[in-house]
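Participant: Take this structure, written in C-alpha cells, and hold onto it; I'll ask about it next.
The values are calculated or read from the model by the stated rules, or taken from the named source; none is laboratory data. Treat the numbers as computed from the prediction; the structure is a model and nothing was measured. As a convention, Cβ positions derive from the backbone with ideal geometry for all residues, glycine included, and neighbour counts pool all protein chains shown.
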Amino acid sequence: MSAAPEMRRPIESGVPDPFPFMHPLLRKNYGQWAWHDRPRPGVLHHVAKGGDEVWTVRAGTQRQMDVFTIRKLCDIGDRFAEGHVRFTTRSNIEFMVSALDKVQPLIDALIAEGFPVGGTGNSVSMISHTQGWLHCDIPGTDASGVVKSLMDMMHAEFVKEEMPSRVRITTSCCQINCGGQGDISINVQYTKPPRINHDLVSKVCERPAVVARCPVAAIRPALVDGKPSLEVDESKCVCCGACYPPCPPMQINGADSTKIAVWVGGKHSNARSKPTFHKLVVANLPNNPPRWPEVEEVVRKILYAYKENGRPWERMGEWIDRIGWPRFFELTGFAFTKHHLDTWTGARKTMNMSAHLHF
Amino acid sequence: MSEDGKSAPAPGDAHPTPLLDELESGPWPSFVTGLKRLRDAGDKQYAPMMNDLLGQLEHSYEERLGFWKGGTVSVFGYGGGVIPRFSEVAAKYPASKEFHTLRVQPPAGYHYTTDLLRQLCDVWEKHGSGLIAFHGQSGDIMFQGCSTENVQKAFDELNSIGFDLGGAGPALRTSTSCVGHARCEMSCYDEVKAHRSVINAFLDEMHRPALPYKFKFKFSGCGNDCVNAIHRADFAVIGTWRDAMKVDQEAVRAFVRERGRKYTIDAVISMCPTRALSLNDDDTLDVDNRSCVRCMHCLNVMNKALSPGDDRGAAILVGGKRSLKVGDLMGIVIVPFMKLDTDEDYEKLVAFGRRLIDFFADNALEHERIGETIDRIGLPAFLEAIEIDPDPNMVNHPRTSSYVRTDDFTEEADKYFERKARAAAE
C-alpha cells in the first residue's frame, strides 16, 4: 500500500489586500475625495481634494455569471476602460476611467454587449438576491429567474434616475430572508405546515435540536407507527419553515403551497429616517415560473404608485409614512386584511395608538 | 456524447429547457444564456455537468421544487467554506450529481483588475463549472458547481494566487466593506484597514467552525450604510464623526442659486430628522451640530457644500440578523463612538471584536445569534459582561416600565458621575 499523498496545507491569508487591484487614481487619493456628481444615469464623477478626477461607469450583470460573460466584461474593461473594476453590493460592475472622453465609448461598448448602464442615484438598482433552485438546499422558488423577470420589467428604471429616491429591491427564496430588507421585497411565504416523512426523521434529524428550532414551540417528539419521530401542532404552526433545514424530512415546500409575498418600506440607510424593516402588502401570490407574472404585476403597481406620488428623496417607506397606509392601499389597489395586523413579539408597538388618522 | 463523458453534448443530446428558454428574452442579461454557453463550450470538462445542471434546473421549474441536499465536503486543514450540494435527482442528471460551492473572500471593497478576474476564470474553467457569482449575500465570491474530487484542486490554485476560503456554518463569516476611502467623500474611517485587521485576526474562527452560530462583521464608512450592516451584521461598524460638520458657505449659496430656495428648504432643511438646519436670509446655512445625528441626508444632497467633521471614527451596533428564529433584528448601539485614526485605534477595534466573539462563544445557546442572546439576557447583563457602561445613545428613550428593582440606583448614578468626571479630566 502506497503512502497517502502529502496534502498541501492552506495558506491562511484571509481577506486579500485590495490595493494592488485598485484603480491607480483611487489608490492615490485614498481617503482624499472631496465631492462627486452624476453627469448622467450610470455615471459617477468623483473629484479629489488635490483635483484628480475619476469617472465610474456602472452596469448591471446577472450576478450568476459564466466565465465567457466575465471575460467579455474584462475585454471591455481592457479596451474601453483602464483594466480596473469593482462590484457593488448589488452585483453591479463598475469601470473606473481617468478621462471624460473615455466614458461614452465605454457606455456604448457595454450597451452593445447587452449590459445595461445605470443603477445610480434615484434609479431602481439591481435586485439583491439569493440562490434558489440553482443551488440552495431548501429553496421555495428560484432567485435568478424571479430577478431576471423583474429586471426585464424594470430595465427602464435601472437606466434612468426618475424615481423619487433610490429603490432597493430584494428577493428571498425562503422565510430566512437571505435577500434582506428592501424598499420592495419579494419573499417566499409558506402556507402549509411541514409534511413529515416519519420513516426518515429519526435517521436524519437530531430531534431535540429540531424541537428547539421552532419559534412557536409547535414541534414535539412523538412515536408514530412505532417509530420515533416528530409531530407538529398544526393549530400553532406558523408555517415559517424553520424546522426544514435541520430536518429535511419535514418538507415545508409544496408545488402549490409555497407562495410569494410582497413587502414594502425596508430601508438600510440612516439618511433622514432610521433604518426600517419591510411591511407586508400582498401574500398568497402563486409561485409561477418561468416569469412569475403575478408577482411582476404587484411590483409594477407598487413601483409606479411610488413614482407618481413620492416626493424627492422620500424612500418608499418614508413616502408611505407621509401619505399613510389607507392611501397606500387605495393607490395600489391591494386589500388590507387581518393578516396585515402583526401578531409576533412587539406587535403592539406596530399599532396606531393615537388619534392620528388618514382620510 | 464522447466515451469519457467529458465533451459537450451533441446538439441532439442537450436537455430540452422550454421553461428556462423563456428567460433568455428581455433586456436584462440572462443567466440562462450564460448557463447554455457553458453547456455548449466545445470540449470543456464542465460542458456535460452544465447540461445536466440545466436539466435539473428545468426539472425544478416544472415541479416548482428544489432538488439539492447538503452533506460534508471540505478542504484539507479547514472545516468550513465549502457548501456541499448533492443532487436528489442524480439518476436523471448524473454529470451534476455533485455541485458544490466554494465561498471565497474577495479583496476588501470588491476591487479587481481584469487580469485577476481572468485568473479566477481560468481556475474555475479547469476545475469547476465555469459559473461564478459576484457576490453572495455575505460578500463571498461564489464559485458555484464543483465535483467533490475537484474541490481541493480548485482551492489549492485559488489559494496559491492569494485567495482564501470564506465562512460557512457556525463560524465567523466573510465580511464586506463599502467602497469608502477608495472613492467616497463621506467615508469616516479606513474601511480596508478595519475590514482586514478585524477579519484576518479571527481566521481560525472562520475556517474551523466552533461558534454557537454564525457571526458577521460589516463595515460601512458612514450612516448611508451601503453594505447594509445594521440589518445584516452581528457587529456593524458605521462611520461617523463627533465635531461639527464642515460647511462651505459659498458652495451652499451656489446650491441655492442653482436649485432654488424652495427646493433647498423642501429637500434639505425640512427633511432634517432633528430640525438641526436653518437656511439664513443670505442663503448660508446654520447647523445645530449638537442636535445633528449624522444621518447623512443633507451631505448626500449638498455633497459639494457639506462634509463630515475631522473627529472621525465609528459607531458599533451589535445584534443585527435576518428572521430565523425570533424574527428580524437590527443592531443596537453598543459603542456610540470609537475613534479610528491611529494604529492603536484599529487595534482597539480588533480587541473589542475579540471580546464580543469570546462572549458569544461562551454564552450563546446553540443556533442563537448574538442579538438573540442580548434579548434573552437583557442589555444590562450584556453590557456588564462585555464591560461597557450604559449610555443614553443606546436607547430611543429610557424605560417606560416600572417593573425593575432600583435599590442600587444611587450607586449607579454615582458611577455615572464619576465616569463623566473622568472623561472631562482626560
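Participant: Check whether at least one residue in region A:328-342 is at pLDDT 95 or above, within 11 Å of chain B (Cβ to nearest Cβ) and part of a loop (DSSP other than H, G, I, E, B), and report yes or no. Even if it seems obvious, please write down each step before you answer.
Facilitator: The initial filter retains those residues of region A:328-342 that are at pLDDT 95 or above, namely A:328-342.
Cutting the leftovers down to within 11 Å of chain B (Cβ to nearest Cβ) gives us A:342.
Restricting the remaining residues to those that are part of a loop (DSSP other than H, G, I, E, B) gives A:342.
For region A:328-342, residues at pLDDT 95 or above, within 11 Å of chain B (Cβ to nearest Cβ) and part of a loop (DSSP other than H, G, I, E, B): present.
Yes/no per residue for (1) touching a residue at least 24 places away in the same chain (Cβ under 8 Å); (2) assigned by TED's automatic domain parsing to the domain that holds residue A:163; (3) in contact with a strand residue (DSSP E or B) (Cβ under 9 Å, 6 or more places away or on another chain); (4) buried (at least 16 other Cβ atoms within 10 Å of the Cβ):
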{"site": "A:302", "(1), (2), (3), (4)": "yes, yes, yes, yes"}
{"site": "A:305", "(1), (2), (3), (4)": "yes, yes, no, yes"}
{"site": "A:311", "(1), (2), (3), (4)": "yes, yes, no, no"}
{"site": "A:315", "(1), (2), (3), (4)": "yes, yes, yes, yes"}
{"site": "A:319", "(1), (2), (3), (4)": "yes, yes, no, yes"}
{"site": "A:323", "(1), (2), (3), (4)": "yes, yes, no, yes"}
{"site": "A:326", "(1), (2), (3), (4)": "yes, yes, no, no"}
{"site": "A:332", "(1), (2), (3), (4)": "yes, yes, yes, yes"}
{"site": "A:336", "(1), (2), (3), (4)": "no, yes, no, no"}
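Participant: Residues that are without any contact (Cβ under 8 Å) to a residue 40 or more places away in the chain and surrounded by fewer than 20 Cβ atoms within 10 Å (Cβ to Cβ), at least 2 per element: which helices (runs of 4 or more DSSP H) completely within region B:249-350 meet that?
Facilitator: Details: elements: B:249-259, B:261-264, B:297-301.
Here the list reads B:249-259, B:261-264.
Participant: Listed residues B:102, B:65; which is surrounded by fewer than 24 Cβ atoms within 10 Å (Cβ to Cβ) and not polar (S, T, N, Q)? Working first, answer last.
Facilitator: Details: B:102 fails: surrounded by fewer than 24 Cβ atoms within 10 Å (Cβ to Cβ).
Exactly one of B:102, B:65 is surrounded by fewer than 24 Cβ atoms within 10 Å (Cβ to Cβ) and not polar (S, T, N, Q), namely B:65.
Participant: Select from region B:132-164 the residues that are without any contact (Cβ under 8 Å) to a residue 60 or more places away in the chain, among the charged types (D, E, K, R) and buried (at least 23 other Cβ atoms within 10 Å of the Cβ) and list them in ascending order.
Facilitator: B:140, the sole residue that qualifies.
Participant: If you go through region A:41-67, how many residues are surrounded by 17 or more Cβ atoms within 10 Å (Cβ to Cβ), over 25 Å from the mean Cα position of the chain (by Cα) and not in a loop (DSSP other than H, G, I, E, B)? First the steps, then the outcome.
Facilitator: Initially, region A:41-67 is screened for residues surrounded by 17 or more Cβ atoms within 10 Å (Cβ to Cβ), giving A:41-44, A:46-48, A:52, A:54-67.
In the following step, the residues that additionally are over 25 Å from the mean Cα position of the chain (by Cα) were identified as A:46-48, A:52, A:54-55.
Retained after the next criterion (residues that are not in a loop (DSSP other than H, G, I, E, B)): A:46-48, A:54-55.
The number of residues fulfilling the criteria is 5.
Participant: Take the residues in region B:81-126 that are facing another protein chain (nearest Cβ under 9 Å) and among the polar types (S, T, N, Q); name whichever of them is nearest to residue B:148 (Cα to Cα).
Facilitator: By that ranking, first place goes to B:101.
Participant: Oh, and also: Would you point out the residue of region B:75-92, among those that are surrounded by fewer than 20 Cβ atoms within 10 Å (Cβ to Cβ) and without any contact (Cβ under 8 Å) to a residue 60 or more places away in the chain, that is nearest to residue B:165 (Cα to Cα)?
Facilitator: Ranking the qualifying residues of region B:75-92, first place goes to B:86.
Participant: Return yes when residue B:160 is at pLDDT 95 or above and within 10 Å of another protein chain (Cβ to nearest Cβ) and no when it is not.
Facilitator: On the way: at pLDDT 95 or above: yes; within 10 Å of another protein chain (Cβ to nearest Cβ): yes.
Yes, satisfied.
Participant: Starting from residues that are in a strand (DSSP E or B) and touching a helix residue (DSSP H, G or I) at 6+ places or on another chain (Cβ under 9 Å), keep the ones in region A:22-40 and report whichever is farthest from the other protein chains (Cβ to nearest Cβ). Before you say what the answer is, go through the steps one by one.
Facilitator: At the first step, the residues of region A:22-40 found to be in a strand (DSSP E or B) are A:33-40.
Subset that is touching a helix residue (DSSP H, G or I) at 6+ places or on another chain (Cβ under 9 Å): A:33, A:35, A:39-40.
Details: A:33: 4, A:35: 4, A:39: 14, A:40: 17 Å.
Filtering region A:22-40 for residues that are in a strand (DSSP E or B) and touching a helix residue (DSSP H, G or I) at 6+ places or on another chain (Cβ under 9 Å), the one farthest from the other protein chains (Cβ to nearest Cβ) comes out as A:40.
Participant: Is it the case, given these coordinates, that residue B:129 is facing another protein chain (nearest Cβ under 10 Å), crowded, with 19+ Cβ neighbours inside 10 Å and not in a loop (DSSP other than H, G, I, E, B)?
Facilitator: On the way: facing another protein chain (nearest Cβ under 10 Å): yes; crowded, with 19+ Cβ neighbours inside 10 Å: yes; not in a loop (DSSP other than H, G, I, E, B): no.
No: the conditions fail for residue B:129.
Participant: While we're here: Can you go through A:80, A:19, A:68, A:95 and tell me which one is of a type in the set (Phe, Trp, Tyr), without any contact (Cβ under 8 Å) to a residue 60 or more places away in the chain, at the interface with chain B (Cβ under 8 Å from one of its Cβ atoms) and touching a Phe, Trp or Tyr at 6+ places or on another chain (Cβ under 9 Å)? Show your work before the answer.
Facilitator: Details: A:80 fails: at the interface with chain B (Cβ under 8 Å from one of its Cβ atoms); A:68 fails: touching a Phe, Trp or Tyr at 6+ places or on another chain (Cβ under 9 Å); A:95 fails: at the interface with chain B (Cβ under 8 Å from one of its Cβ atoms).
After applying the criteria, what remains is A:19.
Participant: Looking at A:147, A:159, which one is among the aliphatic types (A, V, I, L, M), assigned by TED's automatic domain parsing to the domain that holds residue A:316 and touching a His at 6+ places or on another chain (Cβ under 6 Å)?
Facilitator: On the way: A:159 fails: touching a His at 6+ places or on another chain (Cβ under 6 Å).
The unique qualifying residue is A:147.
Participant: Conditions first: (1) at the interface with chain A (Cβ under 9 Å from one of its Cβ atoms); (2) in contact with a His (Cβ under 8 Å, 6 or more places away or on another chain). Residue B:139 passes all but one, so which condition is the exception?
Facilitator: Single failed check for residue B:139: (2).
Participant: With the checklist (1) farther than 30 Å from residue B:202 by Cβ; (2) in a loop (DSSP other than H, G, I, E, B) in hand, flag the one item residue B:410 doesn't pass.
Facilitator: Every condition holds for residue B:410 apart from (2).
Participant: Within region B:276-297, is even one residue under 30 Å from residue A:187 (Cβ atoms) and in contact with a strand residue (DSSP E or B) (Cβ under 7 Å, 6 or more places away or on another chain)?
Facilitator: Residues of region B:276-297 under 30 Å from residue A:187 (Cβ atoms): B:295-297.
Filter once more, keeping what is in contact with a strand residue (DSSP E or B) (Cβ under 7 Å, 6 or more places away or on another chain): none.
No; the residues of region B:276-297 include none that is under 30 Å from residue A:187 (Cβ atoms) and in contact with a strand residue (DSSP E or B) (Cβ under 7 Å, 6 or more places away or on another chain).
Participant: Check every one of the strands (runs of 3 or more DSSP E) wholly within region A:181-292 and list those with 2 or more residues that are crowded, with 16+ Cβ neighbours inside 10 Å. Quick ask: steps written out before the conclusion?
Facilitator: Values: elements: A:184-190, A:219-224, A:227-232, A:258-264, A:279-286.
Ranges flagged: A:184-190, A:227-232, A:258-264, A:279-286.
Participant: Something else: Within region A:140-162, restricting attention to residues that are within 14 Å of the chain's Cα centre (by Cα) and more than 9 Å from chain B (Cβ to nearest Cβ), which residue is surrounded by the most Cβ atoms within 10 Å (Cβ to Cβ)?
Facilitator: The residue in question is A:146.
Participant: Now a separate question. Could you please find all residues in region B:169-183 being touching a strand residue (DSSP E or B) at 6+ places or on another chain (Cβ under 6 Å), in contact (Cβ under 8 Å) with a residue 12 or more places away in the chain and within 19 Å of residue A:87 (Cα to Cα)? Break it down stepwise before answering.
Facilitator: So in region B:169-183, the residues touching a strand residue (DSSP E or B) at 6+ places or on another chain (Cβ under 6 Å) come out as B:172, B:175-178, B:183.
Now drop any that are not in contact (Cβ under 8 Å) with a residue 12 or more places away in the chain, which leaves B:172, B:175-178.
B:175, B:176, B:177, B:178 - these are the residues of region B:169-183 that are touching a strand residue (DSSP E or B) at 6+ places or on another chain (Cβ under 6 Å), in contact (Cβ under 8 Å) with a residue 12 or more places away in the chain and within 19 Å of residue A:87 (Cα to Cα).
Participant: What number of residues in region B:134-164 are within 23 Å of the chain's Cα centre (by Cα), among the hydrophobic types (A, V, I, L, M, F, W, C) and outside any helix (DSSP H, G or I)?
Facilitator: 5
Participant: Here are A:54, A:43: which of them is hydrophobic (A, V, I, L, M, F, W, C), closer than 30 Å to residue B:132 by Cβ and away from chain B (no Cβ under 11 Å)? Before you say what the answer is, go through the steps one by one.
Facilitator: Values: A:54 fails: away from chain B (no Cβ under 11 Å).
Sole residue among the options that is hydrophobic (A, V, I, L, M, F, W, C), closer than 30 Å to residue B:132 by Cβ and away from chain B (no Cβ under 11 Å): A:43.
Participant: Looking only at region A:296-322, count every residue that is over 19 Å from the mean Cα position of the chain (by Cα) and not in a helix (DSSP H, G or I) and tell me the total.
Facilitator: Count: 5.
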